[in-house]
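I have placed the structure first, in the form of structure tokens, so that the comments after it can refer back to it.
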Amino acid sequence: MSSIKVPESIKKVRDEQFWNKDIETMSRERLDALHLKRLLSLVDFAYSQSKFYRQKFNQIGLKPQDIKSLEDFKKNVPLTDKSEFIHLQQQNPPYGDTFALPLEMVSHHCETSGTTGVPLAIPYSMLDTVRYGESWVYGFWALGIRPVDTFYFAFGWGNFAGFWSAYWGARRLGCRIMSGGGLDTKGHIEAIVRMKPTVLISTPTFALRIAAVAKEMGVDLSKSSIKFTYHAGEPGPTALPGMREQIETAWGAKAGELLGIAEIDAVAPGCPNGDGVHINEMNVFSWAYDPLTKQEVTDGQIGENIVTTYANTSQPLLNYRTHDLVRRSHGCSCGRTWVKLDGSVLGRTDFMVTVRGTNVYQTAVENILSQIDGMSMHYELVLTHEDGNDVMRVRFEPMPGVDAEQATRIAQDAQEKIHKALHVKLPVVPVEVNSLPRFELKTKRIIDQRPKELRRALDR
Amino acid sequence: MTSEDIQKIHGLRQQIIELIKVCDTPQIETILKSADMELHCALWNLGELVSLRPEMDYSD
């Protein structure tokens, strides 16, 4: 045993509710004043350092000094979109004209997972990785994770930003870190049993996959050392309450989630209440608008999350369209003053299909499916185009042990609940247990079999 | 933290920046820059108005 004592000041901090109370509970007035000054500095930086922003501003005759208020920023700084960044990167690899730093200042390269098409290359400076890691820590801390905990990363350490940034966060928090790199699912289970970590980092569906394989091996992970699971990369325990129940039961642990967007930041760490996420307003300025009317929406209304980040200075992102549909609110009972996104991401603008005149969002369907008794989290939404209309079918695996007759009843139940909630009839079809593909990273839910010319550019 | 504490962090940064400017050892310069980045980060997360990136305060 070491004779080095943990300082009293650190012990005291471990009992605190917040990672940084002063800023997590800062008044709206002070936050907005800070945002304005930081945004002006960022606009200056982007205009002077990035050819992309200089051209974009010059095209509309906008100069950085024209921005004098948050309203000016929201209304006058042009919206940006991932498709522009990908296009410019393809023209001038690896980072295109949006790049704002000398290449030697890039300390880490990641890529988006490519779930919407071509991956986006993302440069991070050392400072960017530190700030990005901080965003995770707000979430870890709020869930109850402390420096004494040990993280296990069920993650292959490729170029996926999601869990590299979680690693930066765990390192920042000062925890012990164990890598599951290179292991298959059984290997992860054996490692967890042998090394006794207390925090699992994985995608939510992979956490369930690990638990299912453990059960087959005769290992009950609800009795393992894991006390917390933390997730990102796809809708998880905050967006899908049914998934929270499954994960927490399977692991005997408290499940948390944050909303991360690889090229921006771990944008919004989870609320300790478990019913939403809070925008990290030290790293991100955000607002929301109606993508059809282009008008800003107010609290309680659903709109697309538009984000500006201070955390990626290598590739600045100003008024960036996330395509995430969110409902913003203020005044959370957890004490944080940072904007809350109730239920995290409610849907995607770019994964919306119109079925018989009704707009159907992927997450809306997933939310219903996650609460159907007897339905597992292994399902896919198959899009086809028939007789001039888009059609969405749900194919799902029932829970193990469910017979064919019960599976048919589960399908009927799901179909009725979707119809009642979304006013659209979607065929729901059971398939054999273990017949759908499993994923370590993002689960591919949408199987788009429509002709390519009927899909959005990035979905082709 | 009190405003006096925050001023001390600003002061520490100034001292480190002076050292970065005269340092001729790559290893030590890297460590000093790292220390300045962390202090910049502390000020940022105290809601202080600091430049967007720490080296903007010592680059020519």
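The values are calculated or read from the model by the stated rules, or taken from the named source; none is laboratory data. Only a predicted model underlies this, so the values are computations on that prediction, with no experimental measurement involved. Here Cβ is always computed from backbone atoms with ideal geometry, including for glycine, and neighbour counts include all displayed protein chains.
Within segment A:431-460, track down each residue that is surrounded by 15 or more Cβ atoms within 10 Å (Cβ to Cβ), modelled with pLDDT of 85 or more and either over 28 Å from the mean Cα position of the chain (by Cα) or assigned to a helix (DSSP H, G or I) (or both).
Result: A:431, single match.
Please go through segment A:141-189 and give me each residue that is touching a strand residue (DSSP E or B) at 6+ places or on another chain (Cβ under 9 Å) and of a type in the set (Lys, Arg), ordered by number.
A:171, A:176, listed by residue number.
Being at pLDDT 95 or above and not hydroxyl-bearing (Ser, Thr, Tyr) is the filter here, so list the residues in segment A:147-163 that pass it.
Residues satisfying the conditions are A:149, A:151, A:153.
Output the qualifying pairs, or none if there are none: Cβ atoms under 9 angstrom, residues six or more apart or on different chains, first residue in segment A:362-381 and at positive phi, second residue surrounded by 22 or more Cβ atoms within 10 Å (Cβ to Cβ).
If the second residue must be surrounded by 22 or more Cβ atoms within 10 Å (Cβ to Cβ), the pairs left are A:374/A:398.
Would you be able to tell me the number of residues in segment B:14-30 that are under 24 Å from residue A:45 (Cα atoms) and either of a type in the set (S, T, N, Q) or within 14 Å of chain A (Cβ to nearest Cβ) (or both)?
Qualifying residue count, segment B:14-30: 2.
Go through segment A:191-221 and give me each residue that's of a type outside the set (Lys, Arg) and loosely packed, with under 15 Cβ neighbours inside 10 Å.
Selection gives A:193, A:195, A:216, A:217, A:218, A:220.
Can you name the condition, by its number, that residue B:52 falls short on among (1) more than 19 Å from residue A:45 (Cα to Cα); (2) within 12 Å of chain A (Cβ to nearest Cβ); (3) touching a Phe, Trp or Tyr at 6+ places or on another chain (Cβ under 6 Å)?
The one condition residue B:52 does not meet is (1).
Looking only at segment A:100-149, which residues are within 13 Å of chain B (Cβ to nearest Cβ) and small (Gly, Ala, Ser)?
A:100, A:107, A:125, A:133, A:135
If you go through segment A:118-127 one residue at a time, do you hit one that is small (Gly, Ala, Ser) and on the phi < 0 side of the Ramachandran plot?
Yes, segment A:118-127 has at least one match.
Among the residues of segment A:16-74, which ones are hydrophobic (A, V, I, L, M, F, W, C) and over 30 Å from residue A:93 (Cβ atoms)?
Result: A:18, A:19, A:23, A:26, A:31, A:33, A:34, A:36, A:40, A:67, A:70, A:73.
Tell me, which helices (runs of 4 or more DSSP H) lie completely within segment A:1-87 with 2 or more residues that are within 14 Å of chain B (Cβ to nearest Cβ) and buried (at least 17 other Cβ atoms within 10 Å of the Cβ)?
Of the helices (runs of 4 or more DSSP H) lying wholly inside segment A:1-87, those with at least 2 residues that are within 14 Å of chain B (Cβ to nearest Cβ) and buried (at least 17 other Cβ atoms within 10 Å of the Cβ) span A:21-24, A:28-49.
Inspect segment A:410-419 for any residue being free of Cβ contacts under 8 Å to residues at least 40 places away in the same chain and exposed (fewer than 12 other Cβ atoms within 10 Å of the Cβ) and give the result as yes or no.
Yes.
Taking the criterion of being within 14 Å of chain A (Cβ to nearest Cβ), assigned to a loop (DSSP other than H, G, I, E, B) and of a type in the set (Gly, Ala, Ser), would at least one residue in segment B:31-49 satisfy it?
yes
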